[in-house]
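> I'd like to ask some things about the structure below.
The values are calculated or read from the model by the stated rules, or taken from the named source; none is laboratory data. Note that this is a predicted model, so its numbers are computed, not measured. Cβ: placed from backbone, ideal geometry, glycine included. Neighbour counts: every protein chain shown.
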Amino acid sequence: MTRKPRIIHKNSELPASLDNLHAGDIITCRLRLKYGEEHLLLDLVERGIKLIPSAISQLASRSKTFQARLLSPLMIPHTVVIYDIHGLLETVSHYGHHDIEKVVLKHDRKNAGLGIHLFRDIEDVYTQAANNVLPFPFVLQPFIANSRDVRVIILGDYIEAYERNNPDNFRNNLHCGGAVQPFTLNNRQLALCRKAMDRGSFPYAHLDLMITDADETYLAEINLRGGLRGAAIDTSSYKKRVQSVEAKILKKIF
């Protein structure tokens, strides 16, 4: 007799169930993991337990460095993940070879613009890291002046986009003083979003795009969830659409 898969819908059910789950069982919620507990995602996948959203999308949402390793081909050229001082020293030479001056540093686990820093050059980054001021790992990218920042929300067939702009700060996050206006994605930009979601197995996503003066579009960040401040969709509708996407994935499994 075939065993009926067990379905875990809430994080509160996990502590008592984690060690008793079997291959084919399903977890249909984002795991509330503490820092350093991400290895549980690998454990669950190795045991054949299905996660909705996927384990890879949950990990990418938690870690900017993992995002950059996974999706750097879609990001600004010369986006690099720095794990230690030796990797940073190699990047000093790489950036020097390509005449890259100002750089942006992104801390691994900070959001809402709070973990983003602008340096006049990579040597300043090296000096601070070598003196243990900057914790590893982090993401480094060339600074792109006059770029535009677009937030995209994709929930199944629901898509909306809006541009965020802050004339007084290079951080365009609304939390940092940015303002919003509606934005219409072109086919190329939407395809970029879809490609990022496919690569990271995101069933739905909040994506940040960077558009340069030369009208080139790059992925800045991606997350399963994000603030709805500035978005047209309200919280109730948002939750219903997320639940609908997850329900469709669950139905396909059966």
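> Residues being free of Cβ contacts under 8 Å to residues at least 24 places away in the same chain and surrounded by 14 or more Cβ atoms within 10 Å (Cβ to Cβ): count how many of those fall in region 6-17.
Of the residues in that region, 4 qualify.
> Next up: Consider Ile56 against the criteria (1) more than 30 Å from Ala214 (Cβ to Cβ); (2) buried (at least 18 other Cβ atoms within 10 Å of the Cβ); (3) among the β-branched types (Val, Ile, Thr); (4) touching a residue at least 40 places away in the same chain (Cβ under 8 Å): it satisfies all of them except one. Which criterion is unmet?
(2)
> Here's something else I'd like to know. Sort out which residues of region 94-113 are more than 15 Å from Val80 (Cα to Cα) and within 15 Å of the chain's Cα centre (by Cα), and write them in order of number. Before you say what the answer is, go through the steps one by one.
Filtering region 94-113 down to residues more than 15 Å from Val80 (Cα to Cα) leaves 99, 109-113.
Passing the criteria: Arg109, Lys110, Asn111, Ala112, Gly113.
Residue by residue, here is whether (1) part of a helix (DSSP H, G or I); (2) more than 19 Å from Ala60 (Cα to Cα); (3) modelled with pLDDT of 95 or more; (4) not hydrophobic (A, V, I, L, M, F, W, C) holds:
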| site | (1), (2), (3), (4) |
| --- | --- |
| Gly113 | no, no, no, yes |
| Phe136 | no, no, yes, no |
| Val150 | no, yes, yes, no |
| Ala191 | yes, yes, yes, no |
| Ala205 | no, no, yes, no |
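> Can you tell me how many residues in region 197-254 are under 20 Å from Pro73 (Cα atoms) and hydroxyl-bearing (Ser, Thr, Tyr)?
Going through region 197-254 one residue at a time, the tally reaches 4.
> So, of the residues in region 18-36 that are of a type in the set (D, E, K, R) and in a loop (DSSP other than H, G, I, E, B), which turns out to be modelled with the highest pLDDT?
Checking each candidate, the answer is Asp25.
> Look through region 219-254, keep the residues that are modelled with pLDDT of 95 or more and assigned to a loop (DSSP other than H, G, I, E, B), and return whichever of them is farthest from Leu207 (Cα to Cα).
Asp234
> Could you check, for region 160-177, whether at least one of its residues is of a type in the set (Asp, Glu), farther than 21 Å from Val139 by Cβ, in contact with a Phe, Trp or Tyr (Cβ under 6 Å, 6 or more places away or on another chain) and modelled with pLDDT under 95?
Taking region 160-177 as the starting set, the residues that turn out to be of a type in the set (Asp, Glu) are 160, 163, 168.
Within this subset, residues satisfying the condition of being farther than 21 Å from Val139 by Cβ are 160, 163, 168.
From the residues that got through so far, the ones that are in contact with a Phe, Trp or Tyr (Cβ under 6 Å, 6 or more places away or on another chain) too are 163.
If we keep only those that are modelled with pLDDT under 95 too, we end up with 163.
Yes, that holds for at least one residue.
> Moving on to the next point. Give region 101-127 a look and list any residue that's of a type in the set (A, V, I, L, M, F, W, C) and over 16 Å from Ile144 (Cα atoms), or say none.
Across region 101-127, the qualifying residues are Ala112, Leu114, Val125.
> Next question. Looking only at region 18-28, which residues are surrounded by fewer than 17 Cβ atoms within 10 Å (Cβ to Cβ) and either touching a residue at least 12 places away in the same chain (Cβ under 8 Å) or small (Gly, Ala, Ser) (or both)?
Leu18, His22, Ala23, Gly24
> Return the residues of region 104-142 that are more than 19 Å from Phe66 (Cα to Cα) and β-branched (Val, Ile, Thr); say none if nothing qualifies.
Pass one, region 104-142, residues more than 19 Å from Phe66 (Cα to Cα): 118-133.
Hits for region 104-142 are Ile122, Val125, Thr127, Val133.
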